[in-house]
1. Between a first residue in region 121-144 that is in contact (Cβ under 8 Å) with a residue 60 or more places away in the chain and β-branched (Val, Ile, Thr) and a second residue that is outside any helix (DSSP H, G or I) and surrounded by 14 or more Cβ atoms within 10 Å (Cβ to Cβ), which pairs have beta carbons less than 6 Å apart while being 6 or more apart in sequence or on different chains?
2. Are any residues in region 98-149 buried (at least 18 other Cβ atoms within 10 Å of the Cβ) and among the polar types (S, T, N, Q), and if so, which ones?
3. If you go through region 15-37 one residue at a time, how many are over 14 Å from Ala93 (Cα atoms) and surrounded by 13 or more Cβ atoms within 10 Å (Cβ to Cβ)?
4. I'm checking my understanding of the structure. Among residues of region 111-149 that are touching a helix residue (DSSP H, G or I) at 6+ places or on another chain (Cβ under 9 Å) and not in a helix (DSSP H, G or I), which one is modelled with the lowest pLDDT?
5. Pick from Ala21, Ala54: which is under 19 Å from Ile112 (Cα atoms) and either among the aliphatic types (A, V, I, L, M) or touching a residue at least 24 places away in the same chain (Cβ under 8 Å) (or both)?
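The values are calculated or read from the model by the stated rules, or taken from the named source; none is laboratory data. Quick caveat, the model's predicted, so the values are computed rather than measured. Using ideal geometry, Cβ is built from the backbone for each residue, glycine included, and neighbour counts are taken over all protein chains shown.
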Amino acid sequence: MKKKAILPPTFFMTAATVSIAFHFAMPVVTFVDYPFNLLGIVPIVFGSVLNLWADQIFKKASTTVKPFEKPSVLIVDGPFRWCRHPMYLGMLAILLGISIICGSLASFIGSIAFWIIVRIRFVPVEEQSMMETFGDEYREYKQRVHIWM
């Protein structure tokens, strides 16, 4: 039986839970107080819109959104014009927004952990798959568009 891979949304939800849990378990340094912590809503909305937009483009193109499956289409429009991995950027923005709302330094641990996991576990796999599938077309895209923004 084939082992199921843990996908990015699972890591995202875990990171959000860790951020909130660490905020309440270790609120050692609070640096964003009310009402300024409400500015965290901005990255949450930005990240949510970015994720929904990118997901809609994947569905419209009928290609996979899963990092361990072969893509059938090289998407270069929408948010992919500015960022090679807008869904990860969106998830990271949401996590940063949660941390800002919490307002404590400890709440950023989930965001940092998520970024590290994405950079080590998912981005290299996706980039390699895109190179194998689309070759020079992806290489040109990669030179033109930054990994995050």
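1. From region 121-144, the pairs are Thr133/Pro71.
2. Ser99, Ser104, Ser107, Ser111
3. 10
4. Out of the qualifying residues, it is Met149.
5. Ala21
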